[in-house]
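One structure is given below, encoded as structure tokens.
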Ligand SMILES: Cc1ncc(COP(=O)(O)O)c(C=O)c1O
């Protein structure tokens, strides 16, 4: 195969990492100049910034007024595990997973909490568990957007409004890019460094009234460390949901999150944020349609993520190679793109099938995704040529 020519145009920003994700367009360090550094987060100013972050989150994400929103320690993992450790054990639980992060929550339930009534429903990379098989009278833990496979829940239709169990949803790579049906979700978690391109530090924990009710009426059999405790003396610690964090937050990260939220509001809120991710996915969909050697890892188009877009090389000459050779090929493509400075961190996740993962969340400019596509063709052809030469 003849060596392809390098495309002329380069993406203006090569950051397509799935987390931390690209900062919002136009971001500079000066966006943080109002951060109340060296001051107590419990001073009036700090507390008002934290409360503002909660308020803006509610406004943009359109979280119902009777749902609580808290800023908690340890990023998305902190928020998910806080919910699992605080709420699970009251009734049987269905643990639903189809990629690496969901599987991590399965491990938590089965091997760490050692829940006796845990049912595990799993699907492989590219697929999704059939939600018709889930028992929503059990508690249910699942990930809305599987970041490592690019497979998302298409909608909440399969979740009954009159369910008995709680739905605990890790929505870290979905929030701000996909619709989340809050009436079907009792716990929603995410972090700041995904779709909004914030700094990694804290987790967001959104609780439905039913989740709060569980907190008030159920005491887990296991001890809870201070950073997981949402109640005290049988009462909800309401302060957590007003910006009185359990322990010390980074006010620099808070300032950055506020900046990201302000940007989100300026461009038109949730609809505009979702539209940006959708437009980015549409560019890749067109590219995949035009090139038979590449395809989506997500088997069902309805489950295709518009944030963590996962691709596989479907070239028959490659799919029949041993797994290590396929890994090496995909890595070679990602490395070449990185070396050219056109795409950073787009190799597939370490546990996922070999391929590429291109973040398409709201902070990524559609023009950058457009400029990247010819480079993927270029790198694919360069790797094929290298393979042919080695044979
Ligand atoms: C679906 C999902 N869950 C959990 C995590 C872990 O998030 P964090 O590092 O914010 O704790 C990630 C990180 O990419 C993720 O994509």
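The values are calculated or read from the model by the stated rules, or taken from the named source; none is laboratory data. Computed from a predicted model, the values in this text were never measured in an experiment. Cβ coordinates were reconstructed from backbone atoms using ideal geometry, including for glycine residues, and neighbour counts include every protein chain displayed.
Could we say that residue 78 is at pLDDT 95 or above and out of contact with any strand residue (DSSP E or B) (no Cβ under 7 Å at 6 or more places or on another chain) here?
no
Does residue 156 satisfy the criteria of being part of a loop (DSSP other than H, G, I, E, B), surrounded by fewer than 19 Cβ atoms within 10 Å (Cβ to Cβ) and on the phi < 0 side of the Ramachandran plot?
no
Report yes if residue 344 is in contact with a helix residue (DSSP H, G or I) (Cβ under 7 Å, 6 or more places away or on another chain), within 30 Å of residue 53 (Cβ to Cβ) and either surrounded by fewer than 18 Cβ atoms within 10 Å (Cβ to Cβ) or in the same structural domain as residue 99 (by TED's automatic domain parsing) (or both), otherwise no.
yes
Identify the single condition in (1) surrounded by 21 or more Cβ atoms within 10 Å (Cβ to Cβ); (2) farther than 21 Å from residue 150 by Cα that residue 339 does not satisfy, given that it satisfies every other one.
For residue 339, the failing item is (1).
If you take the residues of the stretch 378-391 that are touching a residue at least 12 places away in the same chain (Cβ under 8 Å) and either within 16 Å of residue 306 (Cβ to Cβ) or surrounded by fewer than 17 Cβ atoms within 10 Å (Cβ to Cβ) (or both), which of them is farthest from the chain's Cα centre (by Cα)?
Among those residues, the one meeting the criterion is 388.
Give me the residue from the stretch 159-184 that is in contact (Cβ under 8 Å) with a residue 40 or more places away in the chain and in a strand (DSSP E or B) and, out of that set, nearest to the ligand (Cβ to nearest atom).
My answer is 170.
Could you tell me which residue of the stretch 355-375 is surrounded by the fewest Cβ atoms within 10 Å (Cβ to Cβ), considering only residues that are out of contact with any strand residue (DSSP E or B) (no Cβ under 7 Å at 6 or more places or on another chain) and either more than 25 Å from residue 267 (Cβ to Cβ) or free of Cβ contacts under 8 Å to residues at least 60 places away in the same chain (or both)?
Residue satisfying both the conditions and the ranking: 374.
Show the residue pairs meeting these rules: Cβ distance below 6 Å; 6+ apart or different chains; first residue within the stretch 89-112 and in contact (Cβ under 8 Å) with a residue 40 or more places away in the chain; second residue part of a helix (DSSP H, G or I).
What qualifies is 95/106; 95/109; 97/103; 97/106.
Suppose we keep only residues that are in contact with a helix residue (DSSP H, G or I) (Cβ under 8 Å, 6 or more places away or on another chain) and within 12 Å of the ligand (Cβ to nearest atom) within the stretch 137-148. Which one would you say is farthest from residue 61 (Cα to Cα)?
Checking each candidate, the answer is 148.
Out of (1) touching a helix residue (DSSP H, G or I) at 6+ places or on another chain (Cβ under 7 Å); (2) crowded, with 16+ Cβ neighbours inside 10 Å, the odd one out for residue 94 is which?
All conditions pass for residue 94, except number (1).
Those residues that are surrounded by 13 or more Cβ atoms within 10 Å (Cβ to Cβ), within 12 Å of residue 68 (Cα to Cα) and in contact (Cβ under 8 Å) with a residue 24 or more places away in the chain, I need them from the stretch 189-237; list them, please.
189, 204, 205, 206, 207, 208, 210, 211, 212, 230, 236, listed by residue number.
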